[in-house]
Amino acid sequence: MPSILKSKADSILSFIDNPKPSYVFIFIIGLQTLLHLPFFGEPPVGQHTWRQVIGSSAARSFYEEENNILYPKSDIRMSDDDPGYIYQEFPALYWLVGQTFFLTGYHHHNIRVVTFLVNLLLLFAVYSFTQRIGFSKMRSLLTAFFISSSPLYFYYSFNILPNMPALMLYLFSLSFFIAAIDSRSLGWKFWLAVFCLTIAVLMKSTYMFFGLPLAWIFISKYLANKDSKIITQAALGGGVVFICWYFMYKHSILLQQAAPDERGLTITLHPTPIQGGPLEFLRVIKIAFPKWFLEMVVNLAALPMFLFGLYTAIKTKFWKKPWGPFWLLYLTSFFIYALCFSALFEDHSYYLTSTILMTGLASAYGAEQLLKTKYRYVILVLMIAMPVVMYTRVEGRWGKDRQIPIELLERVEEIRSHLPEDKRVVIVGDKSPAVYLYHIHRKGVRFNHISPEKLDDLRDNYGFELILAHTPKGGLEDVIDQLTEVAVIGDFTVYRF
């Protein structure tokens, strides 16, 4: 290695050995901001556009219609008096984004920037929690760095989904609970912990599964101190969280039951295990493990450090260390959760969000050990390569793989000009529930195929007059002779009936 490169590498390695948290976070935030900067103005595009649209349309509805956090709305409307209420997880993030529209007006930038800022807090939550349980400063910062370099984090950190904000709140709740238990107090730290955990489980019921490691914290602290105040804290905190979760679940079910069928299936409210036995389960895992877990969650450049970290943790019997039972229960919670929702793993990487804490920790532990060996320069090169691998793994989702028709990005104003704002629209050719409706900024409903009977029903009973069809998808063959062509915009056609 040339002496000048070796000198630079040694300087970086020296900093890693004794890092300053402020410098590390400035670097991470600066790098993430720089890499995301070209895409902050993007509308919902790329992987799982339909899921981004659910949150984006709810955020827009808080600004344009009813600003009630308990009643988010969808663009799917069957009649003029249909309120559009949609059942979903607690829309805390969507509501927060919606409030910024009152300051700036409606812009896609708000959705991206607010979500990005909220998800940056996940890195601080990781650092706070790992410091609270006794990690070295170096390991805590490395864990935050490895998580920030995960392609999963990079892609979803500015997509309006609840997964990472819920994990962030869960980790903050653990930090505050530990502080409250140590002080035996029901003061502000305790209630802030309860608040964070409540919002976390309301946003993603996933974290009900992760009550096991939290319960261990209370139990282990009680066994060590024999103080009944700890039992009081556990009972009070758990009771508040469960009551709020139960109320929100029942509320969501009521919204689902009141909604028309066309607005029905949007959010998973019940377990969806794999049907088909062990062979089908193995088939899904065979797809999800390399594609989503290793590539998206871990980062292929971090794989040697991740594997070495796992090996070293097992070799040193991590489960016998003071916080070993916590991590075992965290893994157990994930496996229980995975059995309940494994059918979704084949196509949804974000269902693995909770594993990002463990992969970041294992990679940081592996890097920490390997940086003490003769391979330290190789590890440094891999760490420098991680942001490059992170970026190239998902960049195409904003470029060549946007997953929506180009007309909705480049000619959307022309499409809107043929669709009056006060008229609901029938969408044909959208495989998602409401992506096209969101992009054209209109209310209406989507069908894959329209029969003569359905056309009559839509006109006579629901008052529809207009159809926007993505022509390559078909779906109008049986009624085309009853339609009047209004305009053709690329692969889209506007019809009146």
Inset, instruction - Give the residues of the stretch 467-492 that are over 13 Å from Tyr436 (Cβ atoms) and either crowded, with 19+ Cβ neighbours inside 10 Å or outside the structural domain of Ile450 (by TED's automatic domain parsing) (or both), sorted by residue number. - result: Leu476, Val479
Inset, instruction - Scan the stretch 410-426 and give yes if some residue there is of a type outside the set (A, V, I, L, M, F, W, C), at pLDDT below 95, buried (at least 18 other Cβ atoms within 10 Å of the Cβ) and in a loop (DSSP other than H, G, I, E, B), otherwise no. - result: no
Legend entry - Residues of the stretch 129-143 that turn out to be in contact with a helix residue (DSSP H, G or I) (Cβ under 9 Å, 6 or more places away or on another chain), small (Gly, Ala, Ser) and surrounded by fewer than 18 Cβ atoms within 10 Å (Cβ to Cβ), as a count: 1
Legend entry - Residue count for the stretch 304-323, restricted to those that are at pLDDT below 95 and touching a helix residue (DSSP H, G or I) at 6+ places or on another chain (Cβ under 7 Å): 2
Legend entry - The listed residue being in the same structural domain as Gly324 (by TED's automatic domain parsing), under 15 Å from the mean Cα position of the chain (by Cα) and not basic (Lys, Arg), out of Leu121, Leu192: Leu121
Inset, instruction - Out of the residues in the stretch 68-104 that are polar (S, T, N, Q) and closer than 19 Å to Pro162 by Cβ, state the one that is surrounded by the fewest Cβ atoms within 10 Å (Cβ to Cβ). - result: Asn68
Inset, instruction - Would you mention how many residues in the stretch 195-219 are surrounded by 23 or more Cβ atoms within 10 Å (Cβ to Cβ) and of a type in the set (Ser, Thr, Tyr)? - result: 2
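The values are calculated or read from the model by the stated rules, or taken from the named source; none is laboratory data. As the structure is a computational prediction, the values presented were derived from the model and not from experiment. Don't worry about glycine lacking a Cβ; one is built from the backbone with ideal geometry, like all the others, and counts go over all protein chains shown.
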